[in-house]
Structure formats: structure tokens, C-alpha cells
Amino acid sequence: MWIIPSRGRPDQLFRFVQAYFQTDASTPLIVQFDEDDPKLMRYNTRVFPPQWSFRVRPRKPTNFILNDIFKEFPNEPWYGPLADDVVPKTHHWDRRLIELAQKDGVAYGDDGIGGPRLATHACLGGDFVRQNGWITLPGLARLHGDDVWHNIAQKKGVLRYKGNIKMHHYHFSNGLAERDETYRKPEAMADHKLYKEWLEEYK
């Protein structure tokens, strides 16, 4: 299943919905909203594809949400953490990434920022996730989840990149978005410290 935590961005999520239809995507997706989101009522769930589900939960950091969903759905064949500001451009991107990841690997396309350097907006094989016991390294709040699964998959030889699968990230760093409140990451220093400590041990 694809997973999108979304807060304060109904317009960006609707843009993703449009891209989902335009690229003929067809696989299931969960959207999770924060119950204290001031823009919660502006999310029009009536336009969601029928294979999507949505839920409203107490606010938590993004990486915690991903791990909570894994605990709730531990036997999925694949997991795909996505951001609400990503816009898929490639026809059947979802099925192509699922097929590329298989059960044991991590598959990702070109996000328009890092290319092959980082497995963002990736599909993680179900067995890959279950071997770790989590989608994102426990303790990380907002950042470096993709760094961790990139490092693990690379070491295992199951990191699979396809540059012709375009998953454009509409982000302030590439000039495609304004720097809104969602980009504020007060946990950045703590996340960076934990990631570096983990990486030293993992090497």
C-alpha cells in the first residue's frame, strides 16, 4: 500500500489525486490526516479514487505514522511512503515500482532533485520491511527515513533505481514550491544525530 500523511495541504493532495488518475495508477493508498489540522475540512475525500482509504488520527511525526501503519498492516506485499507534494508523471508508475521492488527490495524513480542518490518516494518490498521490523528507523521523527532504507538496500544489493519513472517532488529546494509551514522541521538536529549514530553502527 502507498501511504501519504498530509497536513495543511488540501491543494497539493488534490494535485496528487489528479496525477494518480492521469497516470492510470490503480493500486491502494492510505491517506492519514491530523485531527487538529486547521484545514481538515477542506480536504474533499469525495474526489479520492475508490481504492484509497483515509483516516483522521491524533497528530504525530511523519515517520511515526508510517511505523504505526506498518504495525496495523504487517503483512502487506509492499509499502510505499509518499509525500503529498510529489507528482507522479509516468504512466503506471505505481505498478512499475511495485514490480521493480519485488518482495525483498527498494525501488525508486527520479524525483527531480536527487535522482539516483536517494531512494525518495520509494516502494519497499514487504519482506524487506518485515526483516527490519519497521518502515522508518524508530526514533526518527521527520527526516532520514529514506536515507536509512537506501543504506540498507544498497548494502544488501537490493536497491533498484529507474530514472525513467518520474516522481517529481514539488519542493522549495528546486523552486517548485513555496516554503510553507509543513517544511519547518524542529526535529532536524535530533534526527540527524540519530541517523549518523545508526549509520556508524550499521557500517
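The values are calculated or read from the model by the stated rules, or taken from the named source; none is laboratory data. Computed from a prediction, not measured in an experiment: that's the story for all the values here. Using ideal geometry, Cβ is built from the backbone for each residue, glycine included, and neighbour counts are taken over all protein chains shown. Heads up: the accessible areas ignore ligands, DNA and RNA and are worked out on the full protein's heavy atoms, side chains in. Shrake-Rupley method; radii C 1.70, N 1.55, O 1.52, S 1.80 Å.
Looking at the structure I just gave you, is R160 basic (K, R), within 20 Å of W93 (Cβ to Cβ) and either open to solvent by 70 Å² or more (accessible area, probe 1.4 Å) or at pLDDT 95 or above (or both)?
Answer is yes for this residue.
So, of the residues in the range 120-150 that are surrounded by fewer than 21 Cβ atoms within 10 Å (Cβ to Cβ) and of a type in the set (S, T, N, Q), which turns out to be farthest from K103 (Cα to Cα)?
N132
What are the residue pairs meeting all of these: first residue in the range 97-118, first residue in contact (Cβ under 8 Å) with a residue 24 or more places away in the chain, second residue open to solvent by 30 Å² or more (accessible area, probe 1.4 Å) and among the acidic types (D, E), Cβ atoms under 7 Å, and 6 or more apart or on different chains?
Partner pairs satisfying both residue conditions: K103/D127; D104/D127; L118/D146; L118/D147.
With the requirement that a residue be in a loop (DSSP other than H, G, I, E, B) and among the aromatic types (F, W, Y), what does the range 129-150 give you?
Of everything in the range 129-150, just one residue is in a loop (DSSP other than H, G, I, E, B) and among the aromatic types (F, W, Y), namely W134.
For F21, only one of the following conditions fails: (1) open to solvent by 10 Å² or more (accessible area, probe 1.4 Å); (2) under 19 Å from P81 (Cβ atoms); (3) modelled with pLDDT of 95 or more; (4) not in a loop (DSSP other than H, G, I, E, B). What is its number?
(2)
Any residue that is among the basic types (K, R), more than 26 Å from N151 (Cβ to Cβ), touching an Asp or Glu at 6+ places or on another chain (Cβ under 9 Å) and open to solvent by 10 Å² or more (accessible area, probe 1.4 Å) - is there at least one of those in the range 101-116?
The answer is no; no qualifying residue exists.
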